[in-house]
1. Given the residues Leu286, Leu281, which is the only one that is modelled with pLDDT of 95 or more, under 18 Å from Val55 (Cβ atoms) and more than 16 Å from ligand 2 (Cβ to nearest atom)?
2. In segment 36-77, how many residues are assigned to a helix (DSSP H, G or I) and among the charged types (D, E, K, R)?
3. In segment 266-278, how many residues are over 21 Å from Ser231 (Cα atoms) and within 16 Å of ligand 2 (Cβ to nearest atom)?
4. Quick one: in segment 285-321, which of the residues that are assigned to a helix (DSSP H, G or I) and touching a strand residue (DSSP E or B) at 6+ places or on another chain (Cβ under 9 Å) is surrounded by the fewest Cβ atoms within 10 Å (Cβ to Cβ)?
5. Filter segment 213-229 for residues that are part of a helix (DSSP H, G or I) and within 16 Å of ligand 1 (Cβ to nearest atom) and give the result.
6. For segment 261-284, what are the residues that are assigned to a helix (DSSP H, G or I), within 15 Å of ligand 1 (Cβ to nearest atom) and not hydrophobic (A, V, I, L, M, F, W, C)?
7. Can you work out which of the residues in segment 91-118 that are in a helix (DSSP H, G or I) and touching a strand residue (DSSP E or B) at 6+ places or on another chain (Cβ under 7 Å) is surrounded by the most Cβ atoms within 10 Å (Cβ to Cβ)?
8. Before we move on, is Ala212 surrounded by 24 or more Cβ atoms within 10 Å (Cβ to Cβ) and small (Gly, Ala, Ser)?
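The values are calculated or read from the model by the stated rules, or taken from the named source; none is laboratory data. Every value quoted in this text rests on a predicted model; they were computed, and no experiment measured them. Positions of Cβ are generated from backbone atoms using ideal geometry, with glycine treated the same way; all protein chains shown enter the neighbour counts.
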Amino acid sequence: MSGTAGPDGKRVLVAKPRGYCAGVDRAVEAVEQALEQHGAPVYVRKQIVHNKHVVETLSERGAVFVDETDEVPEGAIVVFSAHGVSPAVRDEAKARSLTTIDATCPLVTKVHQEVKRFAREDFDILLVGHAGHEEVEGTSGEAPANVQLVESAADAANVTVRDPSKVVWLSQTTLSVDETMETVHALREQVPTLQNPPSDDICYATQNRQVAVKAMAPQCDLVLVVGSPNSSNSVRLVEVALQAGAKASYLIDYAREIDEAWLDGVRTVGVTSGASVPEVLVRGVLDYLAERGWESVEEVTTAEETLTFALPRELRPSRVAR
Ligand code: 0CH
Ligand code: SF4
């Protein structure tokens with residue numbers, strides 16, 4: 001990438017890290033491997049990750065995306081998405097004799113384990129997250145009687161706890177770090193004894209992408225975030241960019257969604273992408289910008305990511321017994 005701005009000052013900053021996280025990489029690979037090992041069709045409950053392009057590409061290869069397991073023929077293979085499922089969904093799949101492949105991100109599973117552990121100790125669990133999001137449905141489904149969903153600082157006033165010495169907050173993995181801290185602050189005003197999660201629930205990838213966009217945003221007239229509208233972590237990147245000083249920011253699935261008017265009077269364009277977004281879509285945006293004079297591209301790097309997760313065990317080569 002060349003980093004010198006053109007004579008008219010046009011330049012592009014690209015955030016790093018951006019795009020696929022370890023959990024998404026594993027989930028997409030799980031569907032590809034399932035197709036390879038078992039042949040089409042392979043059913044997937046919900047979108048494997050919240051990205052239009054990923055879902056369309058896998059559909060073309062024989063994945064069939066359904067909303068619920070009752071749409072999967074008895075005995076067929078179903079993949080659970082990266083966002084995780086509640087125990088009720090696992091039971092439904094079992095009742096239909098489905099072969100399940102669990103692509104839940106291990107970092108989402110970690111939050112499930114925390115919910116189970118605190119529920120066993122009969123804590124009230126204040127789960128910070130977005131109502132209706134699949135991850136929240138899965139996580140709260142582990143202990144519905146113990147979990148109260150808190151969407152924002154304004155919600156804190158509605159929280160009721162049984163024993164103030166046994167209250168913990170946990171969260172969805174893909175939230176804004178700053179907004180979550182505001183919510184927790186409001187919760188702590190209601191319940192000063194509120195306990196913190198044993199470790200961060202907002203995952204490394206969500207945090208890293210927000211740190212990178214924050215580093216870049218103050219220099220940007222415009223920040224383009226590549227991601228789908230139902231991708232929580234991608235939507236958060238637009239909000240974080242604006243809060244960090246970008247003059248404007250938009251979420252786009254594809255370069256073709258860029259409105260030429262957004263570029264009026266713009267010199268520095270920032271580009272980043274959500275954790276469910278393939279790099280090819282970022283390349284499309286960079287090509288679009290290059291064709292319009294934004295040829296100088298510089299990466300703004302705030303972290304190097306090396307984490308990878310093994311494929312779901314149902315897809316690993318079985319060990320030959322000796
Ligand atoms: O950001 P959300 O959770 O909406 O999901 P995504 O866009 O599919 O990104 C991957 C996160 C999956 C679960 O943490
Ligand atoms: Fe896992 Fe975080 Fe990626 Fe979600 S965003 S799949 S929790 S690594």
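1. Answer to the selection: Leu281.
2. Taking segment 36-77 as the starting set, the residues that turn out to be assigned to a helix (DSSP H, G or I) are 36-38, 52-60, 69-71.
With among the charged types (D, E, K, R) added as a condition, the list becomes 36, 52, 56, 60, 70-71.
Selection size over segment 36-77: 6.
3. Number satisfying all stated conditions: 0.
4. Arg313
5. First, the residues of segment 213-229 that are part of a helix (DSSP H, G or I): 213-219.
Across segment 213-229, the qualifying residue is only Val213.
6. Across segment 261-284, the qualifying residue is only Glu279.
7. Within segment 91-118, the subset in a helix (DSSP H, G or I) is 91-95, 106-118.
Those left that are additionally touching a strand residue (DSSP E or B) at 6+ places or on another chain (Cβ under 7 Å): 93, 111, 114-115, 118.
Details: Ala93: 21, Val111: 27, Glu114: 21, Val115: 23, Phe118: 23.
It comes out as Val111.
8. Yes; evaluated as a whole, the condition is true for this residue.
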